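This report refers to the structure that appears directly beneath it.
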């Protein structure tokens with residue numbers, strides 16, 4: 001059953017990535033007619049009455065199709081950005097002529113990446129067409145993973161050639177800086193929030209931002225920190241599952257015991273990073289005056305809990321409202337007073353949420369994330385959930401409720417035409433495709449009709465990357481549909497408060513009793 005369920009997960013990840021539905025099993029059609037259904041289009045959100053789910057206890061698996069986040073066919077981060085190019089040139093102390101050559105090399109690299117992306121889109125169109133013609137899902141489970149692995153290897157080869165050629169440009173004196181450039185790249189590319197709060201703090205970046213990175217006493221500490229941090233980052237990458245290429249481009253097998261073992265390894269590596277950061281924050285702080293030491297501590301705290309302290313819709317709404325040039329004096333005074341109340345309330349709620357997250361994560365109760373990419377190109381993220389009744393979940397909900405209350409109060413001060421200029425919950429991408437997350441849990445069940453069900457958790461994401469809405473438990477019995485729709489047969493939904501109710505999708509001509 002585990003293997004079958006993993007097949008369901010792998011198939012769904014490929015299909016949702018392409019925006020194509022899996023054909024339903026004809027033997028189950030009659031039973032499905034009497035079950036509640038919802039059509040989930042790629043990018044559906046609460047504004048359209050789409051379902052949403054929060055994480056339950058235990059790890060879940062998030063499947064991506066090769067993009068940054070979620071199921072959308074997004075382009076990946078460039079192998080070298082323009083900003084990184086400047087950073088590397090500065091570290092290596094390139095002269096103007098070398099920088100010109102480097103710019104030409106970078107343009108050639110990006111041309112290669114663009115060609116690969118073009119091939120990728122062409123191939124995905126072919127795969128879509130094959131599926132439409134023969135309805136055979138093996139094109140996603142076999143052909144597409146092999147192709148995606150090939151594309152990844154070709155891009156990695158182009159990236160390696162770029163850096164090999166860059167190294168050939170260097171004088172012996174410049175080549176002495178090469179290890180520092182490599183450490184910088186590893187730090188900026190791999191230091192991301194993970195298993196415990198504080199494991200992703202970049203003390204070098206914070207010190208530069210705050211203006212004391214080059215001070216006597218601080219600079220030598222940061223040099224040592226960079227070396228120690230690089231060792232810890234390499235150890236974490238070595239502990240990451242499938243870091244050497246994965247189980248292969250075919251069907252993936254997920255073993256709960258192996259997942260738990262890998263999560264523990266990643267947690268140990270994350271704790272080592274956290275301890276290292278705390279050590280050097282203390283040492284650097286000892287070199288600073290009291291006001292800067294306190295400011296650094298505050299910055300580190302915020303960086304340790306990005307999900308708590310990132311800018312959200314409500315704060316953007318206040319900033320936007322105060323920037324309106326058509327506010328009258330009474331409106332401005334009321335908004336300023338409300339904003340002051342919001343900041344006080346948010347500060348207290350943020351602290352409660354951060355404290356709960358730290359307590360939960362350090363106790364091993366949840367909040368940790370482990371992501372890796374398989375040889376087939378699928379991005380998989382394992383997330384520990386503390387449960388919807390956990391202290392952290394309750395603190396998060398309290399913050400969200402306060403945000404919504406303040407947002408609605410702010411709208412109440414504005415005139416209708418001003419309200420139209422307020423930031424919406426969903427971002428500017430087409431059809432709300434900003435990257436909803438789908439978790440395949442390990443609750444494999446017998447659907448009762450010969451099919452294997454699997455608990456699925458769909459997290460609708462707002463433009464800030466924050467999950468929104470109530471929990472919905474979805475139990476997959478089958479999927480089907482047409483025209484890029486994914487129909488999920490499920491047991492229950494909890495519609496968004498004040499939003500659209502769960503409705504039966506209208507049948508299309510020739511759809512039958514799907």
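The values are calculated or read from the model by the stated rules, or taken from the named source; none is laboratory data. Nothing here was measured: the structure is a model prediction, and the numbers come from that model. Reconstructed Cβ throughout: ideal geometry from the backbone, glycine too, with neighbour counts over all protein chains shown.
Considering 241, 249, the condition of being part of a loop (DSSP other than H, G, I, E, B), in the same structural domain as residue 202 (by TED's automatic domain parsing), modelled with pLDDT under 50 and in contact with a helix residue (DSSP H, G or I) (Cβ under 6 Å, 6 or more places away or on another chain) is satisfied by 249 alone. Filtering 167, 174 for residues that are more than 28 Å from the chain's Cα centre (by Cα) and buried (at least 16 other Cβ atoms within 10 Å of the Cβ) leaves a single hit, 174.
Table: residues versus (1) farther than 28 Å from residue 210 by Cα; (2) modelled with pLDDT of 75 or more.
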| site | (1), (2) |
| --- | --- |
| 227 | no, yes |
| 253 | yes, no |
| 261 | yes, yes |
| 265 | yes, yes |
| 283 | no, yes |
| 289 | no, yes |
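Which residues, taken from region 289-308, are in a loop (DSSP other than H, G, I, E, B) and either closer than 16 Å to residue 201 by Cβ or touching a helix residue (DSSP H, G or I) at 6+ places or on another chain (Cβ under 6 Å) (or both)? Matches in region 289-308: 305 only. Checking each residue in region 194-205 for being touching a helix residue (DSSP H, G or I) at 6+ places or on another chain (Cβ under 6 Å) and either more than 20 Å from residue 230 (Cβ to Cβ) or surrounded by fewer than 19 Cβ atoms within 10 Å (Cβ to Cβ) (or both) picks out only 197.
Look at residue 115 and say whether it is without any contact (Cβ under 8 Å) to a residue 40 or more places away in the chain and either assigned to a helix (DSSP H, G or I) or on the phi > 0 side of the Ramachandran plot (or both). So residue 115 passes the test. Checking residue 72 against (1) over 21 Å from residue 156 (Cβ atoms); (2) at pLDDT 55 or above, which single condition isn't satisfied? Checking residue 72 against (1) over 21 Å from residue 156 (Cβ atoms); (2) at pLDDT 55 or above, the one that fails is (2).
Matching residues to (1) surrounded by fewer than 20 Cβ atoms within 10 Å (Cβ to Cβ); (2) within 30 Å of residue 199 (Cβ to Cβ); (3) modelled with pLDDT of 70 or more:
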{"position": "370", "(1), (2), (3)": "no, yes, no"}
{"position": "375", "(1), (2), (3)": "no, yes, no"}
{"position": "383", "(1), (2), (3)": "no, yes, no"}
{"position": "391", "(1), (2), (3)": "yes, yes, yes"}
{"position": "402", "(1), (2), (3)": "yes, yes, yes"}
{"position": "410", "(1), (2), (3)": "no, no, yes"}
{"position": "415", "(1), (2), (3)": "yes, no, yes"}
{"position": "422", "(1), (2), (3)": "yes, no, yes"}
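Listed here are the residues, each with its yes/no results for (1) assigned by TED's automatic domain parsing to the domain that holds residue 210; (2) more than 16 Å from residue 193 (Cβ to Cβ).
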| position | (1), (2) |
| --- | --- |
| 267 | yes, no |
| 271 | yes, no |
| 274 | yes, no |
| 291 | yes, yes |
| 297 | yes, yes |
| 300 | yes, no |
| 309 | no, no |
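Checked against the criterion of being assigned to a loop (DSSP other than H, G, I, E, B), modelled with pLDDT of 90 or more and within 28 Å of the chain's Cα centre (by Cα), region 80-92 contains one or more residues that satisfy it. Taking region 307-324 as the range and being closer than 23 Å to residue 210 by Cα and modelled with pLDDT of 90 or more as the test, the residues that pass are 308, 309. Counting residues in region 164-176 that are farther than 30 Å from residue 98 by Cα, part of a helix (DSSP H, G or I), outside the structural domain of residue 290 (by TED's automatic domain parsing) and without any contact (Cβ under 8 Å) to a residue 24 or more places away in the chain gives zero.
Total residues in region 177-191 satisfying the condition of being part of a loop (DSSP other than H, G, I, E, B) and free of Cβ contacts under 8 Å to residues at least 24 places away in the same chain: the figure is 0. Within region 202-212, one or more residues are closer than 26 Å to residue 306 by Cβ, modelled with pLDDT of 95 or more and under 21 Å from the mean Cα position of the chain (by Cα).
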